[in-house]
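Below you'll find the structure, written out as structure tokens, and then a few comments.
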Amino acid sequence: MNLQIKGLKVKAGDSQILKGVDLKIGAGEVHVVMGPNGSGKSTLAQVIAGHPFYKISGGTISVDRKTINKLSADKRAKLGIFLGFQNPVEIPGVSVFNVLRKAGQAKGQAFSKGDSKLRPGLNLGNFRNQLLEYASSLKLSPDHISRSFNEGFSGGEKKRNEILQMLALSPKLVILDEIDSGLDVDGLKVVAQAIAKFHKKNPKSSIVLITHYARILKYLRADYVHVMIDGKIVKSGKQKLASDIEDKGYEKWQTQSL
């Protein structure tokens, strides 16, 4: 999926959070957005996904040359936009399996209870087995897909559950908001490897990683890295830019934005 953002300005109540963001992401590209707390990274992610709390006060968001400013979150999801949350919500009483089954149906996937050769759609048993394979690759327990969605999950389990959803839904644009936070070294490696495998399997899907740190890039190759300061992207470069930030921080860009 091609994503183009031009002059995007966004408010939350009376506060101007995004102050003219320009960003272009080509199909199959991996982009990393870095910046200090309060710079607008998470707001950018949620606005792309269509969160109704935020109001676009200027600029455009386009996917495959079609402006989506006025599309609701569910319609954007049906286009193939996926947001992995920084703080995933809990849904007590509803299993991971049922959430993903319903999400698949909302995307237009038909499921059958019988033999998929005789009836249209993916056999539910095969779908369950596929989820179990994904869960195993993420070092999640076999009973994970039967548990209530995120209820009682550890921080690391919640983040890996976001990646499980990504694998199951195969979106065209993946936005991962601080997917690396709350993960230990082993968990980070598992998640990063899963993202890399997804990208290899879905070479036309674009990925946006929002993070504070460059550590996830030990396992992933980024096409571009962007620095966001005070609601704007102030610097873009190749993967080495992330290493420079890790060594020197954001101070020089913060000074320039004053």
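Here, each number is a calculation from the coordinates, and none is a lab measurement. Everything quoted here is computed from the prediction, not taken from an experiment. Neighbour counts run over all protein chains shown; Cβ positions are idealised from the backbone, glycine included.
For this structure, a couple of remarks:
- Taking a straight line from the alpha carbon of LYS248, these lysines sit under 17 Å away, with near neighbours fewer than eight places off in the same chain left out: LYS235, LYS238, LYS240.
- Under 20 Å from the ASN37 label point (7 Å along Cα→beta-carbon), backbone N, the stretch 175-197: 177-184
- Over the chain, the reciprocal of the mean inverse Cα-Cα separation, the Kirkwood hydrodynamic radius, stands at 19.1 Å.
- Rounded FRET efficiency, nearest 0.05, which uses the C-beta distance separating SER154 from GLU133 and R0 of 22 Å: 0.55
- For the chain, averaging the sequence separation of C-alpha pairs within contact (under 8 Å, six or more residues apart) and dividing by the residue count gives a relative contact order of 27 percent.
- Modelled label positions at VAL185 and SER57, each set 7 Å beyond Cα in the direction of Cβ, lie 4.6 nm from each other.
- Nearest 10 degrees, 0 to 90: helix 155-169 Cα axis against the chain principal axis: 70
- Panel values: the stretch 1-98, Kirkwood radius from alpha carbon pairs, Stokes-Einstein at 25 °C and 0.890 mPa s, translational diffusion coefficient 168 µm²/s.
- FRET efficiency, 1/(1 + (r/R0)^6) with R0 25 Å, evaluated for GLU246 and ALA12 via beta carbons: 0.25
- Qualifying aspartates and glutamates (Cα of each under 16 Å from Cα of LYS200; at least 8 residues distant if same chain): GLU29, ASP223
- Selection from VAL234, GLN254, ILE210 lying farthest towards where the dipole of the stretch 203-258 points positive, charges on Cβ: ILE210
- For the chain, a simple Cβ point-charge model (Lys and Arg +1, Asp and Glu -1, everything else neutral) yields a dipole of about 1020 debye relative to the Cα centre.
- Scanning residues 5 or more positions from GLY20 or on other chains, those with amide H under 5 Å from its amide H are LEU8, LYS9, VAL10, with H placed 1.01 Å from N in the peptide plane.
- Estimated purely from DSSP H runs of n ≥ 4, each contributing -39500 (n - 2.57), the mean residue ellipticity at 222 nm for the chain is -10500 deg cm²/dmol once divided by its residues.
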